[in-house]
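Only one structure is covered here, and it is reproduced in the block below.
Every number here is computed from the coordinates shown, using simple stated rules; none is lab data. Only a predicted model underlies this, so the values are computations on that prediction, with no experimental measurement involved. Positions of Cβ are backbone-derived with ideal geometry, glycine not excepted, and every protein chain shown enters the neighbour counts.
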């Protein structure tokens with residue numbers, strides 16, 4: 001099937017900010033379409049009737065100095081060795097012809113030298129001004145972006161009666177276009193038109209190229225079509241109505257538009273050249289290879305593949321010779337749109353026409369194969385560059401390193417780096433983040449550090465590069481390594497806001513909120529102002545860590561500075577309030593969001609609905625469901641699950657059943673948490689058959705988790721069906737769903753209730769010895785039950801319970817202090833006992849100290865210790881902090897499967 005095509009008349013207009021295909025030097029992204037729009041010209045390429053010259057040489061791209069005769073070589077050598085231009089030229093100036101003067105001007109390598117030589121020539125009595133010299137000087141000034149000097153030169157040219165040629169205008173369009181001033185570049189064409197001069201093909205090609213590079217594809221095509229019809233179409237550019245903005249359009253204090261629309265046109269009006277007008281120009285066709293190359297690239301970047309192919313066919317039928325640029329452009333156009341077979345056919349066609357591929361050809365193919373996932377072919381292209389006597393360039397090395405690093409091929413990357421160094425070159429700075437990321441992925445942090453140190457010794461890294469390297473560390477949680485890169489010395493450079501943002505991200509992922517906020521406060525003192533990304537990141541980070549007041553304060557500070565928070569930012573704060581049960585604050589933030597003109601999304605509504613559901617406030621939850629659906633956002637499984645939880649909280653069976661039936665008809669089917677909520681509701685109501693029906697359905701679909709089994713054990717046990725409860729417990733054990741203390745406790749409690757004390761003891765041994773899970777308060781309750789059932793005297797068991805609940809805190813703390821004095825490092829058991837003592841004594845600061853060490857990973861994360869800290873906060877009458885610890889524990893062990901006991905809450 002052919003790809004969709006837009007005809008030349010229907011070419012889509014795209015703004016400067018629209019997505020365009022990357023240039024040949026970047027990494028193209030082939031599309032997945034397997035259709036071919038190029039089969040037609042592949043057949044024509046082999047037609048004998050369209051034979052082209054048999055040999056076209058490939059340019060190396062390097063500027064070579066020509067060989068001159070006469071006095072020119074000695075003059076050029078003198079100018080290279082002498083700083084004194086006047087001295088070098090004085091002895092020979094009178095003998096130089098205008099052509100020799102032109103050569104000397106052209107051969108100067110910097111704008112300053114061009115101007116000095118030119119000024120010297122003008123100072124001679126016999127010097128006759130000519131347009132070629134002015135063209136050289138204007139080009140040099142334009143390339144150096146010395147716009148004031150260019151303006152003065154242009155006015156002087158007019159005052160001396162030197163008339164601009166097509167070359168003059170084409171050159172001015174080129175330098176202005178390359179400086180990014182597209183509209184200003186086109187003003188020169190309007191001035192040319194007012195003089196009565198019609199653009200020649202070179203000038204037309206330059207205009208099309210400038211518009212193409214600015215992604216103004218439609219205007220580029222209209223200008224080309226107009227030129228072919230003998231017209232110069234500029235009316236749609238609205239050049240006369242352009243108004244100078246407050247900041248101007250240029251980099252210099254002089255307004256380019258003011259110059260181009262006043263002095264320039266006045267000058268043009270005084271020196272109007274009588275010539276042919278548009279109506280006198282006949283229809284024409286391009287004859288230059290460069291024009292066809294530009295058109296192929298234009299249509300390729302615009303995504304109009306058939307138009308690109310049509311230009312290629314026209315080139316063939318018109319007998320216009322193709323060069324290496326033609327084939328490189330066509331290969332890139334084909335390959336970047338998923339037509340790799342056509343790209344390969346073009347490579348073969350080059351060989352048949354005697355055109356040798358250059359380094360860029362293989363660079364293009366290397367990138368195309370890499371993006372298509374054909375690594376062997378990409379590496380084969382890299383090998384062919386040296387095999388055929390070509391030299392890899394910076395783009396080659398960057399592309400091959402990117403390919404290898406993406407697949408963590410360390411040895412191969414090291415081989416390429418060694419080749420680069422042997423050739424006397426350095427690793428391209430843009431490749432550093434790729435290499436560092438590869439090392440980090442493979443755990444080779446030392447190698448990454450050595451690489452950065454060696455590179456830093458050669459030159460200073462750009463802020464963008466440092467930020468990318470920091471991000472590679474941050475993504476893997478290596479905040480300290482990211483911090484080292486952030487603190488690298490940057491001579492004469494202040495830190496970029498991007499670097500601060502990445503470092504804040506790194507601290508956030510490590511939950512080092514204090515460090516993140518401290519860095520934020522220091523930004524302004526270091527001369528870097530936070531941007532919207534800084535604020536959004538910090539607010540979302542604090543909200544995710546339940547530091548809601550800090551998040552709210554930053555959000556309001558952001559608004560005072562005139563920035564508009566993102567939907568995700570409001571969503572994070574609302575979700576945080578909802579998690580903490582501060583529903584009135586969540587609603588206030590929702591109202592504030594709407595007043596700010598930020599549209600709520602499904603996450604915002606989901607947070608509010610779930611918050612009210614957890615609180616059992618069904619009416620409020622339903623109100624936000626209705627608001628969400630009125631906004632055109634359909635209720636998803638998460639929202640409906642929250643509704644089931646809300647109905648379950650208030651024991652409303654019919655409401656829960658209606659929502660559950662609705663979920664059955666959804667495309668993705670039922671949700672595990674929703675099913676567990678229904679089992680819980682049926683269990684609370686003693687409805688065994690209904691709960692069993694749902695549970696059996698979950699088992700058949702392999703959806704039953706630890707919460708499902710625990711709920712069924714609770715139901716059977718509460719109804720006196722101990723055999724069924726034991727059967728579920730055995731199945732839960734065999735399914736490998738015993739993963740934490742609460743899940744072990746539930747099964748042990750079931751065994752204990754049924755009198756299976758030996759099995760209970762075996763599970764306790766497995767839990768503590770094999771799985772290394774430390775007992776919690778629930779475990780001890782089961783142990784005391786087992787001891788009572790095992791025949792131990794009631795008084796002895798009570799004494800044990802009393803000792804457990806009322807330990808000698810003072811003595812325990814004294815022992816801990818002695819451990820520290822003796823240099824004995826505490827383990828997790830020590831911290832669990834210690835934090836329990838702090839909690840029972842109401843010593844909040846002591847609990848906070850252990851909590852902080854655990855949170856900032858000064859103590860290795862451990863589920864039992866997290867639970868002990870939460871229990872300590874509860875004993876100290878701080879349930880809010882206990883809930884915060886539970887949330888942190890879920891986040892800390894996120895890569896693993898979440899605790900069965902927490903699944904329902906999540």
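Determine, from the Cβ-Cβ distance of residue 97 and residue 568 and an R0 of 56 Å, the FRET efficiency 1/(1 + (r/R0)^6), rounded to the nearest 0.05.
0.20
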Check: Taking the simple approach of a point 7 Å from Cα along Cα-to-Cβ for both residue 557 and residue 685, what is their distance in nm?
Finding: 5.1
Note to self: Let me check against my output: what whole-number percent is the relative contact order of segment 80-171, with C-alpha pairs under 8 Å and at least 6 apart?
What the structure shows: 25
Check: Size of segment 519-592 along its principal axes in angstrom, Cα-based, largest extent first?
Finding: 40, 22, 16
Notebook entry, point to check: By how many nm would the segment from residue 533 to residue 442 grow when fully extended, if each residue of separation counts as 0.36 nm and the alpha-carbon distance is taken off?
Noted result: 29.8 nm
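May I ask you to derive the relative contact order of segment 819-887, considering only C-alpha pairs under 8 Å and at least 6 residues apart, and to give it as an integer percent?
Dividing the mean separation by the residue count of segment 819-887 yields 33 percent.
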Checklist line | Residues in segment 516-541 that a label on residue 494 would reach, taking backbone N under 18 Å of a point 7 Å out along Cα→Cβ | finding: 519-535
Item checked: Burial order of peptide ranges 172-183, 629-640 (average beta-carbon count within 10 Å, highest first) -> 172-183, 629-640
Next item on the list: Label segment 684-769 by shape, choosing from rounded, prolate and oblate, from the square roots a ≥ b ≥ c of the eigenvalues of the Cα gyration tensor; if a/c is under 1.5 it is rounded, and otherwise prolate applies when a/b is larger than b/c, oblate when it is not.
Entry: oblate
Notebook entry, point to check: R0 = 35 Å: FRET efficiency of residue 595 with residue 654, Cβ-based, nearest 0.05?
Noted result: 0.40
Checklist line | Rg/Rh (Cα only; Kirkwood hydrodynamic radius) as it applies to segment 149-237 | finding: 0.97
Margin query: Can you compute the FRET efficiency between residue 768 and residue 857 using 1/(1 + (r/R0)^6), with r the Cβ-Cβ distance and R0 = 25 Å? Round to the nearest 0.05.
Written below: 0.55
Next item on the list: At 0.36 nm per residue, minus the direct Cα-Cα distance, what do residue 588 and residue 155 gain on full extension? Give it in nm, one decimal, please.
Entry: 149.4 nm
Check: Simple spin-label model, 7 Å along Cα-to-Cβ: residue 822 to residue 124 in nm?
Finding: 9.9
Checklist line | Ranked packing of 386-396, 830-840, 543-553, most packed first, by mean Cβ within 10 Å | finding: 830-840, 543-553, 386-396
Item checked: Separation of the residue 526 and residue 414 label points, Cα + 7 Å toward Cβ, nm -> 3.4
Checklist line | Spin-label zone in segment 388-412 - amide nitrogen under 17 Å from a point set 7 Å from the Cα of residue 351 along the C-beta vector | finding: 388-390
Margin query: Using the Cα atoms of segment 534-642, I'd like the radius of gyration and the largest Cα-Cα distance, Dmax, both in angstrom.
Written below: 13.3, 39
